[in-house]
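The structure appears right after this line, and notes come after that.
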Amino acid sequence: MDAWPAKKNKISSAPFLWDYSPAIPIIAAVISLSVISNFLATSFTDPGILPRAENIEVIELDRQIAEEHNPHHDPAVPRPRFREATINGERVKMKYCTTCRFYRPPRCSHCAVCDNCVLMFDHHCPWVGNCIGQRNYCYFYRFVFCLSVLILYLFSCSVAHICLLSQNMPFGDVMRKTPGSAVVIIICFFTIWSIFGLSCFHTYLLCSDLTTNEDLKGIYRKKRRAAVQTSTSSAPDWHNQEPKNPFYSGSLKSFTGRLFKSRLPSVLDANGYINDQPTIVIQVPKFPPETR
């Protein structure tokens, strides 16, 4: 192509690059569809919300706690704030949620924006308008990864468009004929750093089998804890041990497991019916007359 006819001067790079290879704009369209589909899936998929405990469940939980920690039913004894579970030899604390009224499972956290407990809570994303949790994290990662690839691809195509036109006309005329490509280059240049950095950060989280919430809190960070034992104590310094992630099973297994594992079913009621005033029936055992 030694000359580019004036009637074919377009703002978009796609018609120009189509003559070089139709695959160039087709690939951009496929990546764009992938970004949009994963964005919608992230926004409208239940992230793993746990329904709040009903009154009968709270009564049963209090009965079990009373048998375990308060056998004399002393009302002055408060409900334990934490419970412990052993996972792969490591003790994991489960905190009681006063809003949802149950002990949160491991890696579950209460979202202050959605006001719900979410399984494997990562963070609340305002850009998709939803929490990122166990059931939609794979869609979120694919959305961020495909978006970073799309930005790089659009940046490269726009630069190629301007460079090819610059071979046959002055650079000033190129800018006047293809202002869209210049705008795309500027937008991509200033957005790629944050999007590509976010993609790399979540790739690190996947390989480490961590969530954003766990990483920011430093729960399993490889840092030695501050020693609190006195110099006269001969007990082992367990405070100076490195905390281990009980869920980590290798970088490759963690990466593939969280991205390609089958999605767990939602535990929310599909009917959406909530009884605000449930009826609780307590059956009193009947004793024979001679045993009264």
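Bear in mind these aren't lab numbers, they're just calculated from the coordinates by the rules spelled out. Just so you know, these numbers come straight off a predicted model, no measurement behind them. All Cβ positions, glycine included, derive from the backbone under ideal geometry; neighbour counts span all protein chains shown.
Taken over the stretch 180-202, the criterion of being over 27 Å from L165 (Cα atoms) and touching a Phe, Trp or Tyr at 6+ places or on another chain (Cβ under 8 Å) is satisfied by S199, H202.
Tell me the residue from F121, F201 that is under 30 Å from K217 (Cβ atoms), in contact with a Gly (Cβ under 7 Å, 6 or more places away or on another chain) and of a type in the set (A, V, I, L, M, F, W, C), please.
Working: F201 fails: in contact with a Gly (Cβ under 7 Å, 6 or more places away or on another chain).
Every option except F121 fails the conditions.
Considering the stretch 146-166, and only residues there that are hydroxyl-bearing (S, T, Y) and either within 19 Å of I192 (Cβ to Cβ) or touching a residue at least 40 places away in the same chain (Cβ under 8 Å) (or both), the residue that is surrounded by the fewest Cβ atoms within 10 Å (Cβ to Cβ) turns out to be S156.
Here's the yes/no breakdown for (1) part of a loop (DSSP other than H, G, I, E, B); (2) within 26 Å of the chain's Cα centre (by Cα); (3) not small (G, A, S):
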| site | (1), (2), (3) |
| --- | --- |
| D19 | no, no, yes |
| I24 | no, no, yes |
| I27 | no, no, yes |
| L33 | no, yes, yes |
| N38 | no, yes, yes |
| S43 | no, yes, no |
| P47 | yes, yes, yes |
| A53 | yes, yes, no |
| V58 | no, no, yes |
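Only a single item in (1) assigned to a helix (DSSP H, G or I); (2) surrounded by fewer than 21 Cβ atoms within 10 Å (Cβ to Cβ); (3) aliphatic (A, V, I, L, M) is not met by M169, and it is number (1).
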